[in-house]
Amino acid sequence: MKNAILRVMFIGLMAAVPFATGAQNTVKVGVIAEFSGPFAAYGEQIEAGMKAYMKQHGDTVAGKKIELVTRDTKGPAPEVAKRFAQELITRDKVQFLAGFGLTPNAMAVASVVTEAKVPMIVSNAATSAITTRSPYIARVSMTIPQVSAPMAEWALKNGIKQVYTVVADYGPGIDAETQFTKSFKTGGGEIVGTLRTPLQNPDFSAAIQRVKDAKPQAVFVFLPAGEQGIGFVKSFNERGLAQAGIRLIATGDITDDHVLDAMGDSTLGMITSFHYSAAHDSPENAAFLKAYAAANDPKIGKANFMAAAGYDTMAAIYEVVRKVGGDIDGDKAMAALKGYKWVSPRGPVMIDPETRDIVQTVYIRKVEKKDGKLANVEFDKIPDVKDPGK
Ligand code: PHB
């Protein structure tokens, strides 16, 4: 009997030992994102960027091995994202949460990280308000108002005075419409019509026809990157809006580097505002693209802004581990992130100490052929742009 008890205790101890050592030497990052369904490229790009960072910098920092634990929300699924966050924290003992391509998924996790005091790095979701939902959230991607205001200013400077807006009907789309309208009207522009399209399975033909009938000088568009941009541009061309003298201006989500080739030459000349282009000319971007190619299967396709933000997510996490060590405390982690400056593949960036949102250069770009391939070529820039949405 005594022996049996001792044996049980011994087995229990043995089981605990590797776990304890593992916990000390490993920092687990729970990555909640969309890895299947129509938004599958979001999770894939974010993770591919994370892997690129780890390939380039090694998977160990300050003596801690960094381990990614991924969970697929399969699309916009706030309840699923929330449950994954709870499980990752309580069962898998992750010290960080990261990922979040879509706004509803990021929003749903805010209350979980507040309660658990676990730092959460948003790798894409771009609705301005996300970082206000928890003091444990920082964002390394962008905010939609941050990239929309410069597009309004560019339009005004270039003689565009009447615009129709078309946006996806959820957080970032409403942010885009609100900020573009505000900046454009402040500068003397007129909004001649507004339309919102559904996040899931939109059909753009009716929207495009209404824009055509209104005859604005331009249509300003925000759509979540990927397939929707392809669909919109196809309809825009089929209905002959360019021939009717209507210009297409947008945030860079629409000319997403990952799908630009699939959109084809009709994108040539399209003007967008954004924080990242795969064609950005810098040693940091070259190093990122090299690491992305080395760390990932070529089938993943071209790197885009989500991959760049996945890479920067790891830059932020490595910085916290360097400063705080392996036993991540939420408050210390956030203190380490506030004011953190680094040179991203997109250019110089900083985490705003007040909002925990990213401060960065916003570029105005034009689709051109570069070495025979379609590219978002930057031709103007506004440095140190804070989120104007707060
Ligand atoms: C978002 O859901 O916040 C989102 C998704 C795709 C984008 C930008 C923002 O391209």
Residue match in region 347-354 (condition: buried (at least 16 other Cβ atoms within 10 Å of the Cβ), outside any strand (DSSP E or B) and in contact with a helix residue (DSSP H, G or I) (Cβ under 7 Å, 6 or more places away or on another chain)): no
ILE208 touching a Leu at 6+ places or on another chain (Cβ under 9 Å), assigned to a helix (DSSP H, G or I) and β-branched (Val, Ile, Thr): yes
Count of region 166-209 residues which are of a type in the set (Gly, Ala, Ser) and under 23 Å from LEU241 (Cα atoms): 8
Region 118-155: number of residues that are more than 23 Å from MET50 (Cβ to Cβ), away from the ligand (no atom under 16 Å from the Cβ) and either of a type in the set (Ser, Thr, Tyr) or in the same structural domain as PRO76 (by TED's automatic domain parsing) (or both): 1
From SER148, SER205, residue being of a type in the set (S, T, N, Q) and either surrounded by fewer than 23 Cβ atoms within 10 Å (Cβ to Cβ) or more than 28 Å from ALA309 (Cα to Cα) (or both): SER205
LYS370 vs. criteria touching a residue at least 12 places away in the same chain (Cβ under 8 Å), of a type outside the set (Asp, Glu), closer than 18 Å to ALA303 by Cβ and not assigned by TED's automatic domain parsing to the domain that holds ILE121: yes
Selected residue [within 13 Å of the ligand (Cβ to nearest atom), among the aliphatic types (A, V, I, L, M), closer than 26 Å to GLY101 by Cβ and not in a loop (DSSP other than H, G, I, E, B)] from ALA250, ALA225: ALA250
Yes/no for ASP175 being surrounded by fewer than 16 Cβ atoms within 10 Å (Cβ to Cβ) and touching a strand residue (DSSP E or B) at 6+ places or on another chain (Cβ under 9 Å): no
The lone exception for ASP256 - which of (1) more than 16 Å from the ligand (Cβ to nearest atom); (2) under 19 Å from GLN360 (Cβ atoms) it fails: (1)
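The values are calculated or read from the model by the stated rules, or taken from the named source; none is laboratory data. This structure is a prediction, so every number in the text was calculated from the model and none was measured. Heads up, the Cβs are rebuilt from the backbone with ideal geometry, glycines too, and the neighbour counts pull from every protein chain shown.
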